[in-house]
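Asks: Here you go, one structure.
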Amino acid sequence: MKIIVVGTSHAGYEAIQTLLKEQPDAELHLYERGDTASFLSCGIQSYLEGIAESLDSLHYATEGSYIEQNVNVHMNSDVVGINPKAKTITVKTTDGETEESYDKLILSPGAAPVKIPIPGADLDNIFYVRGRNWAEKVKTRMGQSKKAVVVGGGYIGIEVAEAFAKVGIETTVIDSLDRVLNTYLDKEFVDVLNENMDQNGLTVRTSEMVKEVVGENGTVKKVVTDKGEYEADTVIMAVGVRPNTKWLQGIVELNPDGTVVIDDYLETSEKDIFAMGDATKIPFAPNHGSKLIALASNARRQGVIAAKNILEKKVKMPEVSGTSGLTLFDYKLASTGVKDIDQDSIDAEVASTFVVENIRPTFIDDEKVMMKIHFEKDSHRIVGAQLMSTYDVTASINVLSVAISSGWTLEKLAFADFFFQPGFNRPWNYLNVLAQKALDDNFDSEKL
């Protein structure tokens, strides 16, 4: 059996590793349009800040490691077409186009950076942050830049802006929404982050729409918005990504947003063609629907599921809650499930409670954690949560993710079993307290 996997990023990598174990006799072919395989884009900030010493260290697999596993690797090979009836793919290389046959096909088309159609978008020293090549260009530019503007205040934009600010580059983040990290954190948290970013030399301008990038001699000079102008010698565009699926139109069924339509087992509308990764939606536990959540953790799970279903549909893709975390200057933050911005996606009235609580007894320290929990008002079913602290409590978000997937209510979390040692926490863990206060029934009366 000949199995072709298109794309070497997280989903493609995991599909290959699973196939090697579960289909040891299969003829495996892996196609990559670039000249390097399996690059960890999530590690770009580490490289920009000098934590990762080289881009080579950010590869979780290479062409050589795949070859050692007896995988037929095809680098610089762009899959540009599929004939589902003939079971062939069209591959474009520097030598032209060829057709290759398959028995089973697994697609990981990925996503491409959104390019906003404004004057000056093609000037020199405008950069995107997607993949190894862009990471290298941005790192090189950091050594020459004095003033930078980052357009977009999501995870990617904020990570790059932080890296620039830390080396003394005068950096401004511009976002059209009313706050940065809008889809990850609610206002209570971002208000604190805004103050901390300002203290660390990072300027944030929200509710501003970029209208133009002005240049001189073909190079960036300033960014113009509907509310002001910002001098810049470097511009980072980080306004999001969109599914790289235009080439699949008319081949497999696509959703209106460009994502590939897949069933519970990740098979597309065409038999024996599976799809996964940033070009697909994923089952969303809070509302039992589906949602586009471009996270490496989701792509990894999909890679395993697609490979396991290659011969027989036997494993459904499990629901997830879009759990993620980030460090930003002095704070560590994490979130899962719905927030204020998308709580209307739940088919019930949703309420929320915000709590600031001591992590450990006060005779140890006065370190605090900011917490927020979203829940169905009548049933008390937990549908979302956020945590933030200068102390690293981010791993606790995994507890809340599992609680959402398991259908936990506030009552269950309020009495959940957590260990106690004064150096770590309090007799009632802060997650217990969060649920208790949401129930307006706080049991922690100890003055510790």
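Just so it is clear, none of the values below were taken in a lab; they were calculated from the coordinates. Bear in mind the structure is a predicted one, so any value in this text is a computation, not a measurement. Virtual Cβ from ideal backbone geometry, glycine too; neighbours counted across all protein chains shown.
Asks: Have a look at Val393, Asn425, Leu413 and report the one farthest towards the positive end of the charge dipole of the range 330-438, computed about the Cα centre with Cβ charges (Lys/Arg +1, Asp/Glu -1).
Replies: The residue sitting farthest along the positive end of the dipole is Asn425.
Asks: Which of the lysines could a cross-linker bridge to Lys221, judged by Cα under 21 Å and excluding same-chain residues fewer than eight apart?
Replies: The qualifying lysines are Lys115, Lys137, Lys139, Lys146, Lys147, Lys211.
Asks: Can you check what the Kirkwood hydrodynamic radius comes to for the range 1-159, Cα pairs only, in Å to one decimal?
Replies: When all Cα pairs of the range 1-159 are included, the Kirkwood radius is 17.7 Å.
Asks: Ranked by Cβ crowding within 10 angstrom, fewest neighbours first, how are Ser207, Ser405 ordered?
Replies: Ascending number of Cβ neighbours within 10 Å: Ser207, Ser405.
Asks: For Ala37, what charge total do you get from the other residues with a beta carbon under 11 Å from its beta carbon, if Lys and Arg give +1 and Asp and Glu give -1?
Replies: With Lys, Arg at +1 and Asp, Glu at -1, the neighbours total -1.
Asks: Also: About the Cα centre of the chain, how large is the charge dipole given +1 on each Lys and Arg Cβ and -1 on each Asp and Glu Cβ? Please answer in debye to the nearest 20.
Replies: I would put it at about 320 debye.
Asks: Let me ask something else about it. Skipping prolines and chain starts, which residues have an amide H placed within reach, meaning under 5 Å, of the one on Val204, given they are 5 or more residues away or on another chain?
Replies: Val173
Asks: Next question, about the same structure. Got the relative contact order for the range 204-267 handy, in percent, Cα pairs under 8 Å and 6 or more residues apart?
Replies: 18 percent
Asks: Please give the calculated 222 nm ellipticity per residue for the chain, where each DSSP H segment of at least 4 residues contributes -39500 (n - 2.57) and the sum is spread over every residue; nearest 500 deg cm²/dmol?
Replies: Working: 10 runs with 97 residues, N = 448.
About -6500 deg cm²/dmol.
Asks: Could I ask something else about it? May I ask you to evaluate 6.51 cos²θ - 1.76 cosθ + 1.60, the Karplus curve with θ = phi - 60°, for each residue of the range 298-312 and list the ³J(HN,Hα) values in order in whole Hz, giving x for glycine and proline?
Replies: In residue order, the calculated couplings are 5, 4, 4, 4, 5, x, 5, 4, 4, 5, 5, 9, 5, 9, 8 Hz.
Asks: Residue-wise, which Karplus ³J(HN,Hα) couplings in Hz belong to the range 22-34, taking 6.51 cos²θ - 1.76 cosθ + 1.60, θ = phi - 60°, and x for glycine or proline?
Replies: Whole-Hz 3J(HN,Hα) from phi for the range 22-34: 9, 10, x, 9, 6, 8, 9, 10, 10, 10, 9, 6, x.
Asks: Would you pull out the residues with amide H under 5 Å of Arg242's amide H, same chain only if 5 or more places away, H placed 1.01 Å from N?
Replies: Sorted by chain and number, the residues that satisfy this are Ala112, Val114.
Asks: Here is a further query. For a quick check: with amide H placed at 1.01 Å from N, whose amide H comes under 5 Å from Ala37's, ignoring anything fewer than 5 positions away on the same chain?
Replies: Glu63
Asks: I would also like to ask the following. Where does each of Thr88, Thr327 land when they are ranked from fewest to most other beta-carbon atoms within 10 angstrom?
Replies: Lowest count first: Thr327, Thr88.
Asks: Taking only the alpha-carbon positions of the chain and ignoring solvent, what does the Debye formula give for the base-10 log of I(q)/I(0) at q = 0.10, 0.14 Å⁻¹?
Replies: Normalising to I(0) and taking log10 leaves -0.82, -1.35.
Asks: Now for a separate question. In whole Å, what three semi-axes, largest first, describe the equivalent ellipsoid of the range 257-348 built from its Cα gyration tensor (square root of 5 times each eigenvalue)?
Replies: Calculated on Cα positions only, the semi-axes equal 27, 16, 11 Å.
Asks: Can you compute 3J(HN,Hα) from phi for each residue in the range 282-291, using the Karplus curve 6.51 cos²θ - 1.76 cosθ + 1.60 with θ = phi - 60°, rounded to whole Hz and x for Gly and Pro?
Replies: 9, x, 10, 4, x, 10, 6, x, 9, 7
Asks: On a straight-distance basis, which aspartates and glutamates could pair with Lys281 in a cross-link, Cα separation under 15 angstrom, same-chain partners fewer than 8 positions away excluded?
Replies: Glu253, Asp257, Asp263, Asp264, Glu267, Glu319
Asks: Per the Debye formula with a single identical scatterer at each Cα and no solvent contribution, what log10 I(q)/I(0) holds for the range 115-239 at q = 0.17 Å⁻¹?
Replies: Rounded to two decimals, the profile gives -0.81.
Asks: From the mean inverse distance of alpha carbon pairs (Kirkwood) and the Cα radius of gyration, derive Rg over Rh for the range 330-438.
Replies: Working: Rg = 13.5 Å, Rh = 14.0 Å.
Expressed as Rg/Rh, it is 0.97.
Asks: Could you please rank Lys291, Lys271, Lys115, placing first whichever residue has the fewest other Cβ atoms within 10 Å of its Cβ?
Replies: Listing Lys291, Lys271, Lys115 from fewest to most nearby Cβ atoms yields Lys271, Lys115, Lys291.
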